[in-house]
Amino acid sequence: MATSADKYRGAVVEDLQLPPAFALPSTEVISRAIELAYDRDFSHIPVLDENRKPLGYLDVAKLKQSWEAGKANPDDRVLQYMTKFKRAASEPYTLITPGSSLSELATFLQSNIFALVTDYDRKFVLAVATRHDLENFVTRRG
């Protein structure tokens with residue numbers, strides 16, 4: 001059986017050719033967030049603060065359930081419904097950049113739904129990577 005390193009043959013995140021990240025400001029209303037998510041067929045959307053720093057993410061299916069149950073107002077802000085990223089010394093931030101190996105990404109995705117691909121200084125969210133992206137890469141590469 002091939003190891004993760006063999007499976008990806010030294011490829012890096014940039015090799016996945018991910019589309020540019022789509023993220024929402026924390027002040028966006030949920031009606032617009034749902035519309036944009038379905039237009040782009042996204043299940044999770046990063047939420048950024050006014051300085052474009054990642055705060056958390058929206059679980060679109062969960063938000064839609066709240067909406068349909070009448071628990072969410074169309075003019076509510078996404079900040080109210082997002083899942084916050086854990087920021088604690090006990091849970092260090094894993095930096096995923098375009099230069100990170102796909103083996104590193106695969107390890108990260110074993111315990112996370114998606115990865116935010118950022119620049120080295122973590123100032124910009126460049127893309128969002130998922131297990132599905134890795135599977136597609138392996139299939140394409142053969």
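The values are calculated or read from the model by the stated rules, or taken from the named source; none is laboratory data. All values derive from a computational prediction rather than experimental measurement. Note: areas computed on protein heavy atoms with side chains; ligands, DNA, RNA excluded. Shrake-Rupley method; radii C 1.70, N 1.55, O 1.52, S 1.80 Å.
Across region 1-60 the C-alpha pair distances fall into 10 Å bins from zero in the proportions 19, 37, 23, 17, 4 percent. Across region 1-124, the relative contact order, built from alpha-carbon pairs under 8 Å that are at least six residues apart, equals 29 percent. Only protein atoms count toward the accessible area here, which uses a 1.4 Å probe; on region 51-91, the carbon and sulfur part of that area reaches 46 percent.
Compute the length gained on full extension between Arg32 and Asn136: take 0.36 nm times their separation in residues and subtract their Cα-Cα distance, giving the result in nm to one decimal.
Difference between extended and current length: 34.5 nm.
The ellipsoid equivalent to the alpha-carbon distribution of region 71-141 has semi-axes of 26, 17, 13 angstrom, derived from the gyration tensor eigenvalues as √(5λ) and listed largest first.
Rolling a 1.4 Å probe over the heavy atoms of the protein chains gives region 52-126 an accessible area of 64 Å² per residue. Relative to the globular-protein estimate of 2.2 N^0.38 Å, the Cα radius of gyration of region 35-85 stands at 1.12.
The alpha-carbon atoms of the chain define a convex hull whose volume equals 127 cubic angstrom per residue.
For the residues Ile34, Ile45, Ile113, a 1.4 Å probe over the protein chains yields an accessible-area ranking, largest first, of Ile113, Ile34, Ile45.
Only helical runs count toward this figure. For the chain, summing -39,500 (n - 2.57) over DSSP H runs of n ≥ 4 and dividing by all residues gives -8500 deg cm²/dmol at 222 nm.
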